[in-house]
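Read-outs throughout are calculated quantities, based only on the coordinates presented, and are distinct from any laboratory measurement. Everything quoted here is computed from the prediction, not taken from an experiment. As a convention, Cβ positions derive from the backbone with ideal geometry for all residues, glycine included, and neighbour counts pool all protein chains shown.
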Amino acid sequence: MGKLGIKNIGVYIPSTRTDNVEKLKKFGFKSTFLDEKIGVYKTSVKDVGDECSDMCVKAWTALAKKTSFNKDDVDVVVVATQNADTRMPHAAAYIHGKLDLKPSCASFDISLGCSGFVYGLSTITSFMKANGMKMGVLFTGDPYSKIIDQNDRNTSLLFGDAATATLITDDPEIVPGKFTFGTLGQKAEEIKLVDEKLFMNGSAVVKFVKRFIPDDIRNNISINGLTMDNIDRFILHQASKFMVDIVIKDLGIDKSRAPFDIHDYGNTISSSIPILLEKTLPQKELMNFLISGFGIGLSWASCVLTRI
């Protein structure tokens, strides 16, 4: 059995958009707020009636159009979400049923947000290795439009809906190295639900990112036996332009090596890293990718991915 890693990624971003420019006056923001702070001009909104599982199935369809594989060979489905279709059962069970996967296919959720893809990648590859599995799919899907208060100036301009499906096989394009993780549980309530709507203390989250994320990235690169110069692309969670700029500045890297690309759809939570990674993968000259997710929990996770 070869190394387990990422073969390809399918992405689904709903076509419906909310225009942030029209909201600026409502909240009393200057036009420079979109340019310099959040970097989001439109946010994507799921189709009416769609739930997490529906979005994930659409990401699966996008994956299947790009990569030929037999669904009966899928041994495990893992879903990173904090907004499953219902409290019970788990989103992975719904996805399993809608895709008519084999009964012996394991299916479970991971309740994580912005760090969910990195945690999920470690979880699914470890699970597959431990159980002799050769093919799995890691889904991300968080329809935050369900929990956003459109009158909240701290969140309504930022978050967008999306889903991704990442094919994990023993014949991959890129493989993960060592992972690093962290949690600042004492500050967990800086991002939480209040009366079923999202509350976020933006200034506290900024302090958290400044304190922990650049150092974790440097540490992860080091334990993977690499240097900053060895990393071709830094695929950072697309929290906001301001947040990504903070990390870039601390790391001392050129912005061309750490793309920011959510102007047209927003912060898609656990989907932001795989969306950006899917855009970057076709550039065959790029060999090493640093991925880092950070957010609710407060949690973070980083990993180096290497092309083989």
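Taking the structure as given and computing P(r) over Cα pairs in 20 Å bins from 0, in percent, which label from (i) 25, 38, 24, 11, 3, 0; (ii) 30, 56, 12, 2, 0; (iii) 36, 59, 5 fits?
Label of the calculated value: (iii).
Give the relative contact order (percent, whole number) for the chain; include only Cα pairs under 8 Å separated by 6+ residues.
Contact order relative to length: 27 percent.
Residue by residue, what Karplus-based ³J(HN,Hα) values in Hz, rounded to whole numbers, does the stretch 134-147 have, using 6.51, -1.76 and 1.60 with θ = phi - 60° and x for Gly and Pro?
Going residue by residue, I get 10, 9, x, 10, 9, 9, 10, x, 9, x, 5, 4, 6, 10 Hz, with x marking Gly and Pro.
How big is Rg to Rh over the stretch 1-79, alpha-carbon atoms, Rh as the Kirkwood inverse-mean-distance radius?
1.16
Would you give the gap between the C-alpha center of the stretch 1-24 and the C-alpha center of the stretch 42-65, rounded to a whole Å?
Rounded to whole Å, the Cα centres lie 9 Å apart.
How big is the equivalent ellipsoid of the stretch 233-308 along its three axes, where each semi-axis is √(5λ) from the Cα gyration tensor, reported in whole Å from largest to smallest?
19, 14, 13
Based solely on its DSSP helices, what 222 nm [θ] is calculated for the chain when runs of n ≥ 4 H residues each add -39,500 (n - 2.57) and the sum is averaged over all residues, nearest 500 deg cm²/dmol?
Result for the chain, helices only: -8500 deg cm²/dmol.
Expected output is a single nm value to one decimal: the length gained when fully extending between ASP250 and ASP195, i.e. 0.36 nm times separation in residues minus the C-alpha distance. What is it?
16.2 nm
Would you mind counting up the charge near THR123? Only other residues with Cβ under 13 Å from its Cβ, with Lys and Arg at +1 and Asp and Glu at -1.
0
May I have the pair-distance distribution P(r) for the stretch 178-231, computed from all Cα-Cα distances with 10 Å bins from 0 and rounded to whole percent?
Per 10 Å bin, starting at zero, the Cα-Cα P(r) for the stretch 178-231 comes out as 20, 38, 26, 14, 2 percent.
Applying 1/(1 + (r/R0)^6) with R0 = 25 Å to the Cβ-Cβ distance of ASN131 and LEU286, what FRET efficiency is obtained, to the nearest 0.05?
0.20
Students often get this wrong: which residues of the stretch 166-181 have the backbone nitrogen under 16 Å from the point 7 angstrom along Cα-to-C-beta of LYS65?
166, by backbone N distance to the label point.
Return, for the Cα atoms of the stretch 50-208, the radius of gyration and Dmax in Å, separated by a comma.
Reported Rg and Dmax, both Å: 16.7, 49.
Can you work out the Karplus-derived ³J(HN,Hα) for every residue in the stretch 222-235? Use 6.51 cos²θ - 1.76 cosθ + 1.60 with θ = phi - 60°, whole Hz, and x for glycine or proline.
5, 6, 8, x, 10, 10, 4, 5, 6, 8, 7, 9, 9, 9
At 7 Å along the Cα-to-beta-carbon direction for both ARG17 and ALA204, put a label point, then send me their distance in nm to one decimal.
If labels sit at ARG17 and ALA204, their model points lie 3.4 nm apart.
Return one quarter of the surface area of the convex hull spanned by the alpha-carbon atoms of the stretch 175-307, equal to its mean projected area, in nm².
Dividing the Cα hull surface by four gives the mean projection, 8.2 nm².
List the residues whose amide H sits under 5 Å from the amide H of ILE235, counting only those 5 or more places along or on another chain, with H placed 1.01 Å from N in the peptide plane.
Here LEU290, ILE291, SER292 satisfy the definition.
Pick from GLY295, GLY182, GLY252: which is most flexible by mean-square fluctuation in a GNM of the chain where alpha carbon atoms under 10 Å apart are linked?
Evaluated over the chain, the most mobile residue of the options is GLY252.
For the stretch 133-192, what's the radius of gyration and Dmax over Cα atoms, in angstrom?
Rg, Dmax (Cα atoms, Å): 17.0, 47.
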